[in-house]
Amino acid sequence: MRMHKKCNLEERLKACSDIVTVADLSDKNMLRAANTKELLDLRAIFGNGNAVVLEIGCGKGKFVCETAKLNPGINYVACEKISNVLIEALERVKDENIKNVYFLNCAAEVLTKYFADGSVDKIYLNFSNPLPKEGYKKQRLTHPRFLRIYKRLLKPGGEIVQKTDDGDFFEFSRESMLSEGFIQKYVCFDYAQPVEGDVETEHERLFKSRGKKIYRSVFAAP
């Protein structure tokens with residue numbers, strides 16, 4: 001089902017332009033686009049040199065907003081490629097005056113365009129699309145081609161934290177991370193009671209209400 005474009009989307013995005021970088025992806029060659037650097041000046045954006053955490057696929061922003069408020073000493077960059085979804089997260093940050101969240105409106109393939117190598121302390125992958133059809137395997141956000149991007153972004157020992165309701169996708173992700181040299185630090189096949197400080201996402205709440213298991217893992221970059 002096609003998502004209806006939100007009313008006055010362009011004007012609303014413009015009103016939030018100080019907290020988001022919108023990718024110009026007129027060049028459809030993702031590799032070439034990623035290598036055309038437009039590095040974020042994170043110190044200028046946040047006004048400090050605090051640790052940087054990246055959420056890839058932030059959706060409407062519940063997780064990043066609530067997590068940022070719990071951790072004011074950490075800087076959060078939230079990436080979402082669908083502007084029609086992202087606008088809700090942008091407006092929430094504005095409405096709630098959250099100072100430690102910034103947004104990227106781009107695809108994960110071009111993250112190295114905006115981040116220097118070794119500049120990210122942690123990456124969250126919350127309920128990424130599992131894309132179960134075999135032909136879409138390379139589009140999964142935990143496919144090795146994406147994990148190699150994350151490995152560049154992360155500091156040595158930096159973490160990838162994943163949550164999903166899809167057991168097959170979870171196993172695929174674990175195998176991919178191990179094959180790329182990531183070190184498993186934590187794994188849970190029935191994440192019913194969140195660890196302290198881990199905000200429940202909208203999808204997580206929905207799936208739990210339907211009796212579905214939640215899977216969670218933490219892997220460290222080599």
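The values are calculated or read from the model by the stated rules, or taken from the named source; none is laboratory data. This one's a predicted model, so the numbers in the text were calculated from it and none came from an experiment. In this analysis, Cβ positions are derived from the backbone assuming ideal geometry, glycine residues included, and neighbour counts consider all displayed protein chains. Protein only, heavy atoms only, side chains kept; ligands, DNA and RNA dropped before computing areas. Shrake-Rupley method; radii C 1.70, N 1.55, O 1.52, S 1.80 Å.
Numbers below:
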| item | result |
| --- | --- |
| Stokes-Einstein translational diffusion, the range 87-198 - Kirkwood Rh over all Cα pairs, 0.890 mPa s, 25 °C, in µm²/s | 156 µm²/s |
| Solvent-accessible area per residue for the range 49-154 (1.4 angstrom probe, square angstrom) | 38 Å² |
| Overall form of the range 137-222 per C-alpha gyration tensor (a/c, 1.5; a/b vs b/c) | prolate |
| Fraction of the pair-distance distribution of the chain above 26 Å, Cα-Cα pairs, percent | 34 percent |
| Calculated FRET efficiency for the pair L9/E175, C-beta based, R₀ 25 Å, to 0.05 | 0.05 |
| Extension gain, D27 back to I74 (0.36 nm per residue minus Cα-Cα distance, nm) | 13.6 nm |
| Length-normalised contact order of the chain in % [C-alpha pairs under 8 Å, at least 6 apart] | 20 percent |
| Amide H contacts under 5 Å for G59, placed H, 5+ residues apart | none |
| Net charge of Cβ neighbours under 14 Å - reference I45; Lys, Arg +1; Asp, Glu -1 | -1 |
| Förster-model FRET efficiency, 41 Å R0, Y186 and N35, C-beta, rounded to 0.05 | 0.75 |
| Spatially proximal lysines relative to K14 (Cα-Cα < 27 Å; intrachain offsets below 8 disregarded) | K5, K6, K28, K37, K60, K62, K69, K81, K94, K99, K113 |
| Accessible carbon and sulfur surface of the chain relative to its total accessible area, %, 1.4 Å | 51 percent |
